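No lab work stands behind these numbers, since they all come straight from the coordinates. It should be emphasised that the depicted structure is a prediction, and the values quoted were computed from it without experimental measurement. FYI the Cβ positions are ideal-geometry reconstructions off the backbone, even for glycines, and counts take in every protein chain you see.
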Amino acid sequence: MGLLTREYPPDVYGGAGVHVEFLARELRRLVDLEVHCWGESSTGDRADGVVRHRSWRALDGANDALRTFSVDLAMTAALQDRELVHSHTWYANLAGHLAKLLHGVPHVVTAHSLEPLRPWKAEQLGGGYALSSWAERTAFEAADAVVAVSGAMREDILGCYPALDPARVHVIHNGIDTALYRPDPGTDALTRIGVDPDRPYVLFVGRITRQKGVPHLLRAVRGIDPGVQVVLCAGAPDTPEIDREFRELYEELSRARRGVHWVPRMLPRPEVVQLLTHAAVFVCPSVYEPLGIVNLEAMACGTPVVASRVGGIPEVVKD
């Protein structure tokens, strides 16, 4: 089996990458699994069952969608001995579709998001958004099976792609490893980033994107008790525009109240677990969220979650 993904450790920045990491771990117990992902290693290096592909150097500086397609072509060429391919996100969907056509193997897609429901991606990709949308539609409509990460996501898939046979769309909710996400009494991670462990704090963990809605949170926390700290583990801005908006709101909030902490880098999992454990509340202000793995992580650490009533969130966060 070939598992196709952009994100794979150590390069994981979102929920899809977390899902693929643990899915690969479990599938290896059952099948001969190869993970094909983005990375700097030479195509064909199959160390530890992981094959990393980089975009063609001739496309350095080109639109991100074109660079993605070059990775997909490299993946496709390397899948000739796989009996099944399973792709995650539009970054790898085209590779799965082309492998189905070229090598005659079944293609399973897991839908972590849908391009038609993320129009702000045009800000990031420009004309490449039309290409990412085309790749996703083409792969979904031809896939042998489509996995939706929530019931709401299944409805969205069928709404966006009515040509897709509903019998081929199956709901499998994302899960987490509760051996890794569980309450941690330690507070050293808090101290290192300047958070007072004896004062309550509101926590956000996620990327700086339109989808994650962090500007809405920065505006909303102006109204909470000034004694409550605000901790933002937020990095990987999609575009200069959202980065600039976030920084302006953060600086404005920092001038208005004490105890606003921004961690722009990706923290190791154990440090995130500590932050989740000791938060008074975890906030997920997403404007679009097919499920939201981070909400599961917070709850597994024993922390209350306040989240937007969008997408698949109400299926796991109960009011």
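Beta bridges from DSSP with both residues in the chain: antiparallel share about 5 percent, rounded to the nearest 5. The mean of 1/r over all pairs of different alpha-carbon atoms in region 175-243, once inverted, gives a Kirkwood hydrodynamic radius of 14.2 Å. Residue order for ILE172, ILE293, fewest other beta carbons within 10 angstrom first, comes to ILE172, ILE293. In this simple spin-label model, placing a label point 7 Å from the Cα along the Cα-to-Cβ direction at both GLN80 and THR187 gives a separation of 6.0 nm. Across the chain, the fraction of Cα-Cα pairs farther apart than 39 Å, rounded to a whole number, is 14%.
Shape class of region 256-300 from the Cα gyration tensor (axes a ≥ b ≥ c, square roots of the eigenvalues): oblate, since a/c reaches 1.5 or more and a/b does not exceed b/c.
Quick one: Kirkwood hydrodynamic radius for region 2-171, alpha-carbon pairs, angstrom, one decimal? Mean inverse Cα-Cα distance, inverted, gives 16.0 Å. For region 70-104 versus region 124-157, the spacing of their alpha-carbon centroids is 15 Å.
Would you mind working out the magnitude of the charge dipole of region 156-253 relative to its Cα centre, with +1 at each Lys and Arg C-beta and -1 at each Asp and Glu C-beta, to the nearest 20 Debye?
Working: 11 positive and 15 negative charges, 31 e Å.
My answer is approximately 140 debye.
By its C-alpha gyration tensor, with a ≥ b ≥ c as the square roots of the eigenvalues, how is region 51-113 shaped: rounded for a/c under 1.5, else prolate for a/b larger than b/c, else oblate? Verdict is oblate for region 51-113. Remark on VAL230: its backbone amide H falls under 5 Å from those of VAL202, VAL260, HIS261, a criterion applied only to residues 5 or more positions apart or on other chains, H modelled at 1.01 Å from N.
How large is the helix-only mean residue ellipticity at 222 nm for the chain, computed as the sum of -39500 (n - 2.57) over DSSP H runs with n ≥ 4, divided by its residue count, in deg cm²/dmol to the nearest 500? Intermediate results must be reported in sequence, preceding the final value.
Values: 12 runs with 122 residues, N = 319.
That calculation yields -11500 deg cm²/dmol at 222 nm.
Here THR110, THR178, THR239 are placed in order of increasing Cβ neighbour count within 10 Å, fewest first, which gives THR178, THR239, THR110. Basic side chains Lys and Arg get +1 at the Cβ, acidic Asp and Glu get -1 at the Cβ, and with that the dipole of region 171-319 about its Cα centre reaches some 200 debye. Evaluating kT/(6 pi eta Rh) at 4 °C and 1.567 mPa s, with the Kirkwood radius of region 188-316 over Cα pairs in the Stokes-Einstein relation, gives 88 µm² s⁻¹.
Along the charge dipole of the chain, Cβ charges K/R +1 and D/E -1, which of VAL146, HIS216, LEU59 sits furthest on the positive end? My answer, from the dipole projection, is HIS216. To make sure I understand the rule: partners must be lysines, Cα under 28 Å from the Cα of LYS212, and not fewer than 8 residues away in the same chain. Which ones qualify? Hits, sequence-local ones excluded: LYS121, LYS318. Each Lys and Arg contributes +1 and each Asp and Glu -1, all at the Cβ; summed about the Cα centre of the chain, the dipole is approximately 420 debye.
Based only on other Cβ atoms within 10 Å, what is the fewest-to-most ordering of LYS212, LYS100, LYS318?
On the way: LYS212 25, LYS100 22, LYS318 7.
Fewest-to-most Cβ neighbours within 10 Å comes out as LYS318, LYS100, LYS212.
Label-to-label distance, LEU30 versus ALA256, with points set 7 angstrom from Cα along the beta-carbon direction: 4.9 nm.
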